[in-house]
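Student: Sharing a structure with you now.
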Amino acid sequence: MISLLDYGAGNVRSLRNAVQALGFSLTEIERPEDILKAERLIFPGVGAFGAAMERLHRLGYVEPLKEYLAADRPFLGICIGLQTLFEGSDESPGVAGLGLIPGRIGRFETGALSVPHMGWNDVRVERESPLFADYAGEKLYFVHSYRAAPSAENADWRLATTDYGQPFLSAVQRGNVAAVQFHPEKSGAAGLRLLHRFLGDAQEARSCGPFIQTASTRFAKRIIACLDVRANDAGDLVVTKGDQYDVREAGEVRNLGKPVELAQRYFEEGADEITFLNITAFRDFPLADQPMLEVLRRTSERVFVPLTIGGGIRAFTDGQGRAYSALDVADEYFRSGADKISIGSDAVETVERYLASGGVKDGTSAIEQIARVYGNQAVVISIDPRRVYVSSPDATRHQTVATITPGPGGEGYCWFQCTVKGGREGRDVDAVELARACEDLGAGEILLNSIDRDGTGAGFDLELIRAVSEAVSIPVIASSGAGCVEHFAEVFAATGVEAALAAGIFHRREVPIQAVKSYLREQGIETRL
Ligand code: 1PR
């Protein structure tokens, strides 16, 4: 009997899907006494350390969990499920952990590297373990801002380590109790194999496996496939693609394929993440869009890399006068299989209020509310900027850049105006101040589009991307304009972005994802192959 300790702190649907895809069924822990009845227990911690411990206490799970662990029964902790095994964490001072492993969890101090550590990295397996028995050295998916440092006092737990500015424990194990900092359920085929080892035969295979020794682990730049989804005029949900956000051709919505099939194809072709943007959700209430939620559910059953969904995340009152918060909309997206949600128009409105109030964070914005429940890493801000040209920096209060592509009147400067409703309305907020404010409000990542470059194949807007990525310390995804493999190398070489996203060239099969990755490797840029 495989039991899942879901204490209601976030999305564990991905893990359920992965376990089911491997042919196992899961029993939910519903009462404290269920813990000691489990034959194998998975604890996929989500969110913050303090919130996780607080919920475990409230549900009466702490004592039976300690007893289960002390009896050396089969256990797999994931992410916060690893961190709570320690004595405490700087994330939540004063909150005691389960105390099985000596030491405290600390925050990453990585200098120029973005925090969270979000993406694909190597693990250095330092001793034999059945968990890694058929692991072939692939990169695995991490997302966390805090780390367990390897030390003399936890040496007997140390199974694998990873470097991200600083070394940290990426896997621990003693006897039958193991925990991993990465997400096996989001780590593609390698993660599923590891999960299978725990589910299937962790007991009997105690001494096998290659012994991997890598001098230093290397973090990969991510390649993301993006699917803009909307109903076409016949009412079918299709993947579409615009030119500078105009998705119609000869009056019809362009149809580039079916969302679930395309997402699965990109997973199989090696995309590191998949993003769905529900591009008409600004006018239609997304919770009424059951086909879109169904797309997400079906995709999450077969795609085992992180899934982001955006569109329509804002407060809404339906035709019957029932009010929904942005968190309600996000809840439904997470329940349907999203790992991250992305906020567009609502973030611009939030930042307008934030700037008008001199930077007050009152806790009511969608960004703050969703980050509090699901963690910062789950909140992506999608920015849809358009260039506004000016003849000198004094002509505007906004941050300008000197541009090598002058404006229509020969203007040598521009700023990047945020828009809402899919580019239909410009606002008096620039992309740089928006990104900074959203980071302060608790966003974990920026998805930086460009209306000027979208669908043009002319390359990423490096001036925009440099300006935004230099202004924040959270990861930035470069988007819009990719036309060939060289454009990806260019954006990684010229800016500090962690990821690059493309749509049209992948949909039209002009450039395969693997060709992008191979080219990047040839250029000395690390990728997950
Ligand atoms: O405002 O919170 O409801 O979110 C709406 C979301 O839908 C936003 O993330 C917004 O970017 C997106 N969106 C709205 N309208 C469009 C449109 O195209 N008409 N799509 C749209 C944005 C841009 C990228 C695209 C890249 C790469 N699409 O997603 O995939 O530009 O394309 P390329 O590689 O082909 O150049 P809310």
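Student: Let a ≥ b ≥ c be the square roots of the eigenvalues of the Cα gyration tensor of the range 40-139; is it rounded (a/c under 1.5), or, if not, prolate (a/b larger than b/c) or oblate?
Tutor: Oblate, because a/c is 1.5 or more while a/b does not exceed b/c.
Student: A further question follows. So what is the diffusion coefficient of the chain in µm² per second by Stokes-Einstein at 37 °C and 0.692 mPa s, using a Kirkwood Rh over Cα pairs?
Tutor: Here the translational diffusion coefficient equals 138 µm²/s.
Student: Taking 0.36 nm per residue of sequence separation and subtracting the Cα-Cα distance, how much length would be gained by fully extending the chain between Arg297 and Ala71, in nm to one decimal?
Tutor: The Arg297-Ala71 span can extend by a further 77.6 nm.
Student: Starting from the 7 Å offset along Cα-to-Cβ, what nm value, one decimal, do you get for the label separation of Lys258 and Gln166?
Tutor: With each label point 7 Å from Cα toward Cβ, the separation is 4.9 nm.
Student: Right, here's the next one. Filter the chymotrypsin sites (Phe, Trp or Tyr not before Pro) in the range 1-66 to those in DSSP coil with at most 16 other Cβ atoms within 10 Å of their Cβ, and list the result.
Tutor: Phe24
Student: Still on this structure: Summing +1 for each Lys or Arg and -1 for each Asp or Glu, what net charge is found among the other residues whose Cβ lies under 12 Å from the Cβ of Val497?
Tutor: Net charge in that neighbourhood comes out at -2.
Student: May I ask for the net charge around Phe304, where only other residues with Cβ less than 9 Å from the Cβ of Phe304 are counted and Lys, Arg are +1 while Asp, Glu are -1?
Tutor: Every neighbour counted, the sum reads +1.
Student: Which of the pairs Lys66/Lys221; Lys340/Lys421; Lys221/Lys241; Lys241/Lys361; Lys340/Lys361 have their Cα atoms more than 30 Å apart in this structure?
Tutor: Lys66/Lys221; Lys241/Lys361
Student: Compute the length gained on full extension between Arg55 and Thr456: take 0.36 nm times their separation in residues and subtract their Cα-Cα distance, giving the result in nm to one decimal.
Tutor: Taking Arg55 through Thr456 to full extension adds about 139.5 nm, to one decimal.
Student: Quick one: order Thr27, Thr240, Thr280 by neighbouring beta-carbon count within 10 Å, fewest to most.
Tutor: Thr27, Thr280, Thr240
Student: Next up: Points 7 angstrom from Cα along the Cβ direction at Thr110 and Leu36: gap in nanometres?
Tutor: Between Thr110 and Leu36, the simple spin-label model gives 4.2 nm.
Student: Counting other Cβ atoms within 10 Å of each Cβ, which GluC sites (Glu not before Pro) in the range 472-529 have at most 14 and sit in a DSSP loop?
Tutor: Glu510
Student: Tell me whether the range 84-225 comes out rounded, prolate or oblate; compute the Cα gyration tensor, take square roots of the eigenvalues as a ≥ b ≥ c, and use a/c under 1.5 as the rounded threshold.
Tutor: Oblate, because a/c is 1.5 or more while a/b does not exceed b/c.
Student: Roughly what percent of Cα-Cα pairs across the range 374-529 reach past 18 Å?
Tutor: Percentage above 18 Å: 59.
Student: Once the piece of chain linking Ser25 and Ala515 is laid out straight, how much longer is it, given 0.36 nm per residue of separation minus the C-alpha distance between them?
Tutor: 172.6 nm
Student: In units of 2.2 N^0.38 Å, what is the alpha-carbon radius of gyration of the range 118-177?
Tutor: Compared with the compact-globule rule of thumb, the range 118-177 sits at 1.10.
Student: Considering only DSSP beta bridges where both residues belong to the range 387-520, give the percentage that are antiparallel (nearest 5).
Tutor: Just about 60 percent of them are antiparallel.
Student: Please give me the summed charge of the neighbours of Gly455: other residues whose Cβ is under 9 Å from its Cβ, Lys and Arg +1, Asp and Glu -1.
Tutor: My count for the surroundings of Gly455 gives -1.
Student: Counting other Cβ atoms within 10 Å, which trypsin sites (Lys or Arg not before Pro) in the range 116-177 have at most 15 and lie in a DSSP loop?
Tutor: Arg127
Student: Right, another one. With labels modelled as points extended 7 Å from the Cα through the Cβ direction, what inter-label distance (nm, one decimal) is found for Gln244 paired with Cys484?
Tutor: 2.3
Student: May I ask for the percentage of alpha-carbon pairs in the range 322-442 that lie more than 26 Å from each other?
Tutor: Here the tail beyond 26 Å accounts for 28 percent of pairs.
Every number here is computed from the coordinates shown, using simple stated rules; none is lab data. None of the values given here were measured: they were computed from a predicted structure. Here the Cβ is made from the backbone with ideal geometry for all residues, glycine too, and neighbour counts use every protein chain on show.
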